[in-house]
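Only one structure is covered here, and it is reproduced in the block below.
Laboratory data are not the source of any read-out in this text; all were calculated from the coordinates shown. Given the structure is predicted, the values throughout are model-derived calculations rather than measurements. As a convention, Cβ positions derive from the backbone with ideal geometry for all residues, glycine included, and neighbour counts pool all protein chains shown.
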Amino acid sequence: QVRFVESGGGLVQPGGSLRLSCAASGMTFPVGNMAWYRQGPGKQREWVASVIVGIGTDYANSVKGRFSISRDNAKNAMYLQMNSLKPGDTAVYYCNRPPALIPMTPWRDYWGQGTQVTVSS
């Protein structure tokens with residue numbers, strides 16, 4: 001099945017850290033811009049961060065200064081380092097192309113299962 005594959009989630013206490021990974025299944029990992037998203041309980045999926053080729057990174061205000069997005073082209077992977085986690089960060093985290101590309105095929109069909117992050121004491 002062609003999709004993105006997320007991993008690295010888990011249960012962590014407030015203030016803790018996690019590192020999420022994103023890979024591609026059934027396709028070549030895109031060389032262009034990529035992004036992380038999340039969907040909390042009872043909420044719509046929201047954009048978290050983007051890595052923009054040749055420019056750098058961008059973050060939602062809610063995670064700025066705590067999260068760090070990166071990619072390793074040699075490993076065909078992308079990462080999200082999450083520090084100082086808060087209960088409000090509890091969500092299923094997904095990776096995909098940046099928001100402007102999501103409505104387009106094939107990216108809108110390539111959502112993975114996501115990885116659950118739970119921040120709780």
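Taking segment 44-67, which residues are closer than 14 Å to residue 91 by Cα, touching a residue at least 40 places away in the same chain (Cβ under 8 Å) and not in a loop (DSSP other than H, G, I, E, B)? If you could, list the steps in order and put the result at the bottom.
Narrowing segment 44-67 to residues closer than 14 Å to residue 91 by Cα: 44-48, 62-63.
Okay, now just the ones that are also touching a residue at least 40 places away in the same chain (Cβ under 8 Å), so 45, 47-48.
Within segment 44-67, 47, 48 qualify.
Within segment 1-43, restricting attention to residues that are small (Gly, Ala, Ser) and part of a strand (DSSP E or B), the residue that is surrounded by the most Cβ atoms within 10 Å (Cβ to Cβ) is 35. Just to be sure I understand the filter: pairs with C-beta atoms under 9 Å, separated by 6 or more residues or on different chains, first member in segment 1-12 and in contact (Cβ under 8 Å) with a residue 12 or more places away in the chain, second member surrounded by fewer than 16 Cβ atoms within 10 Å (Cβ to Cβ) and among the basic types (Lys, Arg). Which pairs pass? Cβ pairs passing all conditions: 8/19. Looking across segment 44-65 at every residue that is touching a helix residue (DSSP H, G or I) at 6+ places or on another chain (Cβ under 9 Å) and not aliphatic (A, V, I, L, M), the one that is surrounded by the most Cβ atoms within 10 Å (Cβ to Cβ) is identified as 50. Could we say that residue 70 is touching a residue at least 40 places away in the same chain (Cβ under 8 Å) and not charged (D, E, K, R) here? For residue 70, the condition - touching a residue at least 40 places away in the same chain (Cβ under 8 Å) and not charged (D, E, K, R) - is not met. Under the condition of being of a type in the set (Val, Ile, Thr) and under 11 Å from residue 98 (Cα atoms), which residue from segment 36-58 is nearest to the chain's Cα centre (by Cα)? Residue satisfying both the conditions and the ranking: 48.
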